[in-house]
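Okay, structure first, notes after.
The values are calculated or read from the model by the stated rules, or taken from the named source; none is laboratory data. If you're wondering where the values come from, they're calculated on a predicted model, not measured in any experiment. Here the Cβ positions follow ideal geometry from the backbone for every residue, glycine too, while neighbour counts run over all protein chains shown.
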Amino acid sequence: MITLTDSMDSRTAPAADTDGIKLHIGGRERRDGWMILDALPGPAVDRVGNCTDLSFLPDASCAEVYASHVLEHLGYDSELPKTLAGIYRVLKPGGRLRAAVPDLEVLCRLFLEPSLDGNGRFHVMRMMFGGRTTPYDAHFVGLNFEFFQAFLQETGFREVKRVKEFGLFQDTSTLLFGNVPISLNVEAWK
């Protein structure tokens, strides 16, 4: 069993399975076998911290990392590349990253949809730039598959592919606006 403690949260992290830790960045839903890291404390959070600093995890200790609507909150100039490098470092060889971000191409098309009224366009704008419900709820990068794939490949990830859904958690990876899915769901391997 791997035990991780934090000065802000001293609970024991979930036991890693034989393949390594399953890290859920930004999670709210407790699930057996998953350790949740979030910037804000909560009942399901195992470790309070920032995803830009995964130094609490040893190299090659994670079988999988999952992040839904987290990475867009990082600056594309330094925070996003640093975080992807940290995720890559903690993944075991053959480990998988599953990440969902708002799909900038879809949101641009939605914003320009003639049938939307001002309230609808305002809602789309908030999905692009963040809802501003907490100090962390601001977006600093817009990603489409081309951009996201390039960031991942520059970090060293391989077999980057877009998927319809993950089927893991009830979260924003399946968010619809009207009947349009707004998330770019990507899997990549170390």
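Things to note:
- Any pair with Cβ under 7 angstrom, 6 or more apart, that starts in region 69-82 at a residue that is closer than 12 Å to Gly26 by Cα and ends at one that is surrounded by fewer than 15 Cβ atoms within 10 Å (Cβ to Cβ): His73/Tyr136; His73/Ala138
- Screening Arg11 on (1) of a type in the set (Lys, Arg); (2) over 27 Å from Arg158 (Cβ atoms); (3) modelled with pLDDT of 95 or more shows it passes everything except condition (3).
- Apart from one condition, Lys82 fits all of (1) basic (Lys, Arg); (2) loosely packed, with under 13 Cβ neighbours inside 10 Å; (3) out of contact with any Asp or Glu (no Cβ under 6 Å at 6 or more places or on another chain); the exception is (2).
- Here region 90-125 is the region considered, the condition is being of a type in the set (Lys, Arg) and buried (at least 16 other Cβ atoms within 10 Å of the Cβ), and the residue that is nearest to Glu165 (Cα to Cα) is Arg98.
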